Amino acid sequence: MRIRKRPGVGVRMVRLLLMAAAVIGGAAATARAQAQPRANACLTCHGGLAEARLSAPATLFSGEDIHRNSGFACADCHGGNPETRDAAMAHDRGRGFRGAPRASEQIAVCARCHSDPDLMRRYAPRQRVDQAAEYATSVHGKQLASGDSRVATCASCHGAHGIRVVRDAKSPVFPTNVAATCASCHANAAHMTGYKLPDGKPLPTQQLADYQKSVHYAALTTGGDLSAPTCNDCHGNHGAVPPGVGSVANVCGTCHAVFAQKFATSVHAEIFDKGCVECHSNHAVLKPSDKMLGAGEGTVCATCHSGADDKGAIAATAMRSGLDRLTDALKKSTDVIDRVGNAGIEVSAEELKLADARNHLTLARTEMHAFNPAVVEPVIQSGLTIIGDVDNAGQRAGNELSFRRRGLALSLAAILFFVAALWLKIRQIEKTER
C-alpha cells in the first residue's frame, strides 16, 4: 500500500494564500465592474447643449459626483432610455422618464435608494436609511406635506448633480459650509416672506449674520474645530426643527453638560422661558466673560436685577466679587513666579499649584450657573488658599534671588579689587627693576 505524503505546512500555507488572493482579486474586480459608469448617452447630448440650464447638470455629474463614481447613471433618478441619442426615445415616458423630480417627488426618488437597507449596504453600510422618515417629521417636511413647494428638500442642501460625500470639504453640508447652505434660504428675505414664528412674528433672516459673531463660528472657522456647533447641531439636519422653549437647555447641554446640570439646580431653571438663551443668546453666542456677571451697568444680570435690596443683584455682586478676587490674585502670583523663574530660580512646583488655582477659577465659573453664592465662595476660598501658598514660596524665591544678586555683587567687587591690587603690584615691581 502506497502512503501519500501530505504537503508540508509551508506548502499548504502558500496554497491558502493563493486561494485567498484569487477570491479577493475576484471580489475587487466585481466591485470595480459595479462601480464603472454604465452607458449614459444623456451626458453626451446634454453636455453639448448651448442652454446652460440643460448642459450644467451634465457637466456637474461628469465631475466628482458620488453617484456617478458608484456606477449610477442619469436614468436611475430621471428615468428614460440612457442608451440612445434620440431625444424622443430617451425621454420616453414608457421607459419611466420623469424629467427633473420636483418637491415631494424628489424625496421619493432619493428615498427609493437611501431608504433601502439592502441596497445601501452594498455602497455605504454605515449610512443611515431613515432620512426620509426623519425629514417627514421636520418643519420642512411638514410644510412640504401641506403643499408648500418652496421649502428645502434633498437637493436644496446636498445639490442635485455633482453631489459630494459629507466629509468632502467642498460639499455644501461639510461642517464649515453648513451655515452658508442654510442661509441660502434663511438669509434670503424675499424667499422667507410669509413664514412666521409660532407667536405670529415674521421669521427673522439675520441668523447667519448673528452666528458669524459667535464663539461657535470662531471655533469652527478660525480655530479649525470641526466639532464646533453649526446650524444642524442644534436644529437637526434631516429632521430640522426649531428647538422648543423647554428643550433649549437640553440642546446646549449636549456639549455643555456640566453647565446644564448646574443650571438645572438653579432658581432660574423654573423662571427662564428660553433657558440658556436668556443670557447667552442663541445664534450670536458671544465668548462668555466675568463681565457678564454682576448688577452693574452692562452686565447681563442687571437686565432683570437692580436695586440694593434685590436678592438676585446681591448674589450676582457677591459671585462677581469672588471671581475678581481670585482672578487678580492669580495674575499677581503668576507675574511673581514668572519673574523669579526667568531669573533661574526653580519654581516648577509653584507652577503646578498655579495650574490648580486656575482650575478652581474655572470650577467657580461653572458653579456660578447654579446662581448660589454659598456654592461658589468655598471654591474661591480654596483657590485663594493655594495662591497664598504660592505667594509665600514666591516671596522666599524673591529673597533668595536678592541674596544671590548681593553675593554676586560682592564677589565681583572682591575680584575687581584683587585685579586692581595685582595691577598695582606689577607696576611697583616694574619700577623697582628699572
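Each value in this text was obtained by applying a stated rule to the coordinates, not by laboratory testing. For clarity, every value in this text was computed on a predicted model and none was experimentally measured. Don't worry about glycine lacking a Cβ; one is built from the backbone with ideal geometry, like all the others, and counts go over all protein chains shown.
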Exercise. Using the alpha-carbon centroid of each, what span in Å lies between region 162-215 and region 117-144?
Worked result: 21 Å
For this session: Pull out a ≥ b ≥ c, the square roots of the eigenvalues of the alpha-carbon gyration tensor of region 243-287, then state rounded if a/c is under 1.5, prolate if not and a/b is larger than b/c, and oblate in the remaining case.
Result: rounded
Exercise. Taking the inverse of the average 1/r across all pairs of different Cα atoms in region 311-433, what Kirkwood radius in Å do you get?
Worked result: 17.8 Å
Seminar exercise, completed: Between the modelled labels at Ser184 and Leu49 (7 Å from Cα along Cα→Cβ) the distance in nm is 2.0 nm
Exercise. At Arg112 and Phe417, where each label point lies 7 Å from the Cα along Cα→Cβ, what is the point-to-point distance in nanometres?
Worked result: 10.4 nm
Exercise. So for His216, His78, His191, fewest C-beta neighbours within 10 Å to most, what's the order?
Worked result: His191, His78, His216
For this session: Would you mind telling me which residue in Arg406, Arg85, Arg358 has the biggest mean-square fluctuation in a Gaussian network model of the chain, where springs connect alpha carbons within a distance under 10 angstrom?
Result: Arg406
Seminar exercise, completed: For region 208-365, shape from the Cα gyration tensor axes a ≥ b ≥ c, cut at a/c of 1.5 then a/b versus b/c, turns out oblate
For this session: Quick one: which residues, 5 or more positions from Arg98 or on another chain, have an amide H under 5 Å from its amide H? H modelled 1.01 Å from N in the peptide plane, none for Pro or chain starts.
Result: Gly79, Gly80
Exercise. Relative to a virtual label point 7 Å from the Cα of Asn177 in the Cα→beta-carbon direction, which members of region 126-169 show backbone nitrogen distances below 15 Å?
Worked result: 155-169
For this session: Take the chain, connect every pair of alpha-carbon atoms lying under 10 Å apart with a spring to form a Gaussian network, then pick out the residue of Ala421, Ala145, Ala169 with the largest mean-square fluctuation.
Result: Ala421
Exercise. Which order do Arg126, Arg93 fall in if you start with the one that has the fewest other Cβ atoms within 10 Å?
Worked result: Arg126, Arg93
Seminar exercise, completed: Counted neighbours (other Cβ, 10 Å), sorted fewest up, put Asp356, Asp328 in the order Asp328, Asp356
For this session: Using a Gaussian network model of the chain whose springs link C-alpha atoms within less than 10 Å, name the residue from Arg112, Arg405, Arg98 with the highest mean-square fluctuation.
Result: Arg405
Problem set entry | Estimated vicinal HN-Hα couplings, Hz - region 74-80 in sequence order (Karplus 6.51, -1.76, 1.60; Gly, Pro = x) | 4, 5, 5, 9, 9, x, x
Exercise. If you take the alpha carbon radius of gyration of region 105-241 and divide it by 2.2 N^0.38 Å, what ratio comes out, to two decimals?
Worked result: 1.11
Exercise. Which whole DSSP H helices in the chain pass both tests: a Cα extent of 27 Å or more along the axis and a mean Kyte-Doolittle value no lower than -1.0?
Worked result: 9-35, 311-342, 348-367, 373-433
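Calculate for the chain the 222 nm mean residue ellipticity that helices alone would give, adding -39,500 (n - 2.57) per DSSP H run of length 4 or more and normalising by residue count, nearest 500 deg cm²/dmol. Please list the in-between numbers first.
On the way: 22 runs with 256 residues, N = 434.
Value at 222 nm, helices only: -18000 deg cm²/dmol.
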